[in-house]
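Every read-out reported here was derived from the displayed coordinates using simple, explicitly stated rules and does not represent laboratory data. For clarity, every value in this text was computed on a predicted model and none was experimentally measured. Please note: Cβ atoms are built from the backbone with ideal geometry, for glycine as well, and neighbour counts cover all protein chains shown.
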Amino acid sequence: MAWSAGVVTRQGPLVAGVVTPLATPATEGALLVPYPAMLDVPHEHVEQGAWLLHERRRARNTRWRKLGCFKQALLTLVHLRKNGTFSQLGAGFGISQATAWRYVNESLEVPAGWAPGLHEALTASVKATTSSLTAL
């Protein structure tokens, strides 16, 4: 900054940072500035998700990724808790909208793989209902 007759004039940006263009109808190509924020999820949940992603990547022998397992797990939890658009998520994590979508979907496949199928869930429900009726 330079002083000139009691007036402050800027020479260059006040804060050197990252701005990300976002092409949506609402922003019309405005430059967005990412900011740090808190997520109301325990750190252990992010770590657990990261380990599960790490095991999945290792089992599938996947290639290098822009985000590590921890950041991918965090991206997914931010999506689930804040329900932001994939454009906003991508801008916040420094990846494209399409990559944010792929990472979230990949992360959600891990716990979905543990869930029972429809047939198994219905069979278990019928058994539980039958056993409770016979106990009467």
Tell me, what is a quarter of the convex hull surface for the C-alpha atoms of the range 80-136, in nm² with one decimal?
5.8 nm²
Go ahead and run the numbers for FRET between residue 120 and residue 62, Cβ-Cβ distance against an R0 of 25 Å, rounding to 0.05.
0.35
What is the distance, in nm, between label points placed 7 Å from the Cα along the Cα-to-Cβ direction at residue 101 and at residue 80?
2.1 nm
